[in-house]
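Peer 1: I am attaching a structure below and will ask some questions about it afterwards.
What follows draws every value from the coordinates through simple rules; no lab data is involved. Model, not experiment: these values are computed from the prediction. FYI the Cβ positions are ideal-geometry reconstructions off the backbone, even for glycines, and counts take in every protein chain you see.
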Amino acid sequence: MLELEKINTHYGSIQSLWDINLNIRKAEIVTILGSNGAGKSTLLNTISGIIRPTSGTITFEGNRIDTVMPHQIIELGLAQIPEGGRPFLDMSVQENLEMGAYPARAWRSQKDTLKEIYELFPRLKERAGQMARTLSGGEKQMLAIGRGLMSKPVFCMFDEPSYGLAPIIVSEVFQIIKKLRERGITIMLIEQNVKRALEIADRAYVLENGRITLQGPCQELMQSDHIRQAFLGI
């Protein structure tokens with residue numbers, strides 16, 4: 001569904017990603033593991049078109065996307081859920097959700113999609129008229145997921161969805177990610193909670209200093225001495 005071939009990305013003269021080769025199949029959950037500064041968010045921003053790769057190709061469902069604009073990538077069905085939610089703070093919950101439906105194909109069915117979002121997140125329905133700035137951290141994360149789903153994606157990229165959340169909310173967020181996969185949505189997950197990420201995902205890539213150093217099925221990687229020592233503290 002998604003394939004990256006020899007992707008290199010720079011910030012000015014500084015190279016952040018080095019020869020990234022990566023592929024994700026339909027309805028998989030694939031997690032990207034790495035410490036802070038490893039290049040994980042840069043990878044997501046490169047895929048979604050926010051940052052242009054300096055070389056290499058990115059193909060999504062047969063379409064090359066490394067040369068097109070971010071809004072065109074969203075139209076193809078790829079959504080990015082940012083770290084911390086980043087809602088429009090001075091807009092209501094419902095207005096934030098409606099903003100997510102701006103792609104033409106999503107706008108036509110926004111009312112039906114909004115009902116689905118409220119069924120998935122009853123708490124957002126309760127707070128539909130509240131300003132986003134009044135929400136808790138967990139509610140802002142739910143709003144970010146809901147806003148992303150309003151664009152009717154077939155592929156969702158999550159950037160640290162559990163960051164700063166209470167454990168009970170973290171469990172809720174991971175359950176939602178599993179539900180999305182059951183609905184046929186493909187998931188790319190960047191997550192500092194390595195144990196939870198490996199439990200929920202099918203496969204993982206390890207990104208270190210902008211390079212992929214390890215990859216494979218999650219069950220195998222959980223037995224890797226490197227993973228256990230570097231990420232699981234075992």
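Peer 1: To the nearest 10 degrees, how steep is helix 167-182 against the longest Cα principal axis of the chain, on a 0 to 90 scale?
Peer 2: It works out to around 90 degrees.
Peer 1: What is the log10 of I(q)/I(0) for the stretch 154-234, computed with the Debye formula using one identical point scatterer on each Cα and no solvent, at q = 0.18, 0.21, 0.24 Å⁻¹?
Peer 2: So the normalised log intensities work out to -0.80, -1.06, -1.29.
Peer 1: When the helices in the chain are scored as -39500 (n - 2.57) per DSSP H run of 4 or longer and the sum is shared across all residues, what 222 nm value do you end up with, to the nearest 500 deg cm²/dmol?
Peer 2: After summing the helix terms and dividing by the residues of the chain, the value is -10000 deg cm²/dmol.
Peer 1: Estimate the FRET efficiency between residue 219 and residue 67 by the formula 1/(1 + (r/R0)^6), using the beta-carbon distance for r and 41 Å for R0, to the nearest 0.05.
Peer 2: Working from the Cβ atoms, E equals 0.65.
Peer 1: If you place +1 on the Cβ of every Lys and Arg and -1 on the Cβ of every Asp and Glu, how big does the dipole about the Cα centre of the chain come out, in debye to the nearest 20?
Peer 2: Rounded to the nearest 20 debye, it is 360 debye.
Peer 1: Then there's this: Which value, in nm² and rounded to one decimal, describes the direction-averaged projected area of the C-alpha convex hull of the stretch 51-112?
Peer 2: Reported value for the Cα convex hull: 5.6 nm².
Peer 1: If you don't mind, there's one more thing I want to ask. Please tell me which of these pairs span more than 19 angstrom C-alpha to C-alpha: 26/115; 152/178; 115/179?
Peer 2: In this structure, 26/115 exceed 19 Å between Cα atoms.
Peer 1: Taking the Cα centre of the stretch 81-133 as origin, sum charge times position over the Cβ atoms of Lys and Arg (+1) and Asp and Glu (-1), and report the length of that vector in debye to the nearest 20.
Peer 2: 60 debye
Peer 1: For the chain, what is the relative contact order in percent, using Cα pairs closer than 8 Å and at least 6 residues apart in sequence?
Peer 2: 27 percent
Peer 1: Quick check: Cα centre of the stretch 44-111 to Cα centre of the stretch 179-228, how many Å?
Peer 2: Distance between centres, Cα-based: 23 Å.
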